[in-house]
Amino acid sequence: MGIFLIRRISLMLLTALSLTFIVFVMTNLQPNLEKLAKTQGNFRMSEAEVSSYLRDRGFERPVTLKYGEWLGVVPSYRIEGRDGETRSRCSAHGVIQSNTPRYCGIIQGYWGQSWVFKEPVANVIAKRLSATGVLMLWVFLVMIPSALFLGVLAGMKEGSRLDRTLSTGAIATTATPEYVSGVVFIALLASSKFGLSPLFSSLGWSDKRILFKGSATSAAKEIPADYDVYWLPDFLEGFWWKVAEAPTLENFMLPVLTIALYGMGYIARMTRASMAEVMTSQYIRTARLKGVNFKNIVIKHALRNALIAPFTVIMLQIPWLLTGVVIVETLFNFKGLGFALVQAAGNNDIDLLLAVSVVSVIVVLVTQLISDIGYVFLNPRISIS
């Protein structure tokens with residue numbers, strides 16, 4: 001097991017370096033750098049002024065050297081600009097100070113400076129990733145139990161009317177992209193003129209103008225300074241706020257449903273296929289012939305083996321959620337990691353783009369490692385010597 005983990009982690013590091021280098025090269029292409037200079041300076045800058053801006057901030061050096069600086073294995077540049085000021089990456093591409101270090105990269109914990117949000121990238125990532133983490137937590141709480149229940153229910157009665165109905169619904173949800181289901185939910189549940197909200201209001205079933213908010217901005221708001229929960233330790237108050245207080249049902253339901261609906265269908269179909277295969281296996285037939293209660297057969301014998309394949313699919317949903325939240329967070333104006341990625345890409349915020357890519361790569365690789373390890377423990381037929 002130890003050798004397996006060492007090999008997997010070594011492969012993960014190599015993959016992470018390769019992918020981040022590709023992203024680094026793409027974000028440091030000359031057109032992107034020129035756009036960055038004009039965004040931070042003036043869109044009417046001449047070519048000479050653009051070149052001067054980029055040279056003074058170290059952008060016109062070899063890409064491998066810049067990548068080494070970004071990692072933190074090469075000392076940062078110190079360039080004296082035409083204005084007489086000496087700048088460094090370690091001072092956010094600004095004028096160096098007496099305490100400016102020589103090395104400042106990912107290894108040293110420095111992620112760079114965000115051009116869009118005007119603050120260190122590490123602060124932006126911490127706030128946005130925590131918001132997206134809460135969103136994904138609620139999505140998983142809705143998606144996984146529902147998908148497993150529906151999949152097991154359909155697999156127990158393969159070929160029945162219930163099976164066909166649930167399978168059709170699962171295929172429909174999987175075939176519907178997030179930007180379509182999100183718009184449908186907004187029209188049905190968050191409109192004061194169309195959908196269910198005015199209908200329920202006219203029938204007297206609801207005293208609200210709309211059932212849910214079409215924007216989830218308030219779900220990602222910061223914890224107030226005077227917020228206090230007397231029965232929680234101080235270090236848990238912020239987490240409690242993000243999980244239980246800020247994401248209310250009214251402003252958080254639609255983005256959660258939009259993301260969960262797509263993944264739910266895929267997991268349910270995989271669970272149904274696995275459960276149907278297990279229910280037709282020889283040891284299940286033997287148990288039924290011996291008169292074992294059907295409920296005991298499902299819970300004690302079939303369920304564990306049927307959940308082996310869905311476990312891998314569930315873990316693979318985590319990387320998919322990182323791409324799904326980009327669309328959903330933009331649609332519902334939820335200020336999480338996907339929203340930050342869109343802002344960084346639209347404004348060519350290089351350091352923030354690279355940081356988001358690192359987070360995405362780490363999440364994908366770690367979830368794959370957990371999936372492999374979990375599969376070994378769930379499947380008794382597999383062992384690692």
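The values are calculated or read from the model by the stated rules, or taken from the named source; none is laboratory data. Predicted, not measured: the structure shown is a model, and the values here were computed from it. As a convention, Cβ positions derive from the backbone with ideal geometry for all residues, glycine included, and neighbour counts pool all protein chains shown. When the accessible area is computed, the model is the full protein with side chains, heavy atoms only, and any ligands, DNA or RNA have been set aside. Shrake-Rupley method; radii C 1.70, N 1.55, O 1.52, S 1.80 Å.
Points to keep in mind about this one:
- Taking amide H as placed 1.01 Å from N in the peptide plane, the amide H of residue 79 sits under 5 Å from that of 87, each at least 5 places away or on another chain.
- In sequence order, region 282-288 has phi-based couplings of 5, 6, 6, 4, 4, 5, 6 Hz under the Karplus curve 6.51 cos²θ - 1.76 cosθ + 1.60, θ = phi - 60°, and Gly or Pro positions carry x.
- The residues neighbouring residue 272, those whose beta-carbon lies less than 12 Å from its own, together hold a net charge of 0 under the Lys/Arg +1, Asp/Glu -1 convention.
- Qualifying chymotrypsin sites (Phe, Trp or Tyr not before Pro) in region 144-195, DSSP loop, other Cβ atoms within 10 Å at most 16: 194
- DSSP-assigned coil residues among trypsin sites (Lys or Arg not before Pro) in region 268-329, each with at most 10 further Cβ atoms within 10 Å: 290
- For region 358-365, Karplus couplings with θ = phi - 60° (6.51, -1.76, 1.60), whole Hz, Gly/Pro x: 5, 4, 5, 4, 4, 4, 4, 5
- Heavy atoms of residue 114 accessible to a 1.4 Å probe, total area in Å² rounded to 10: 0
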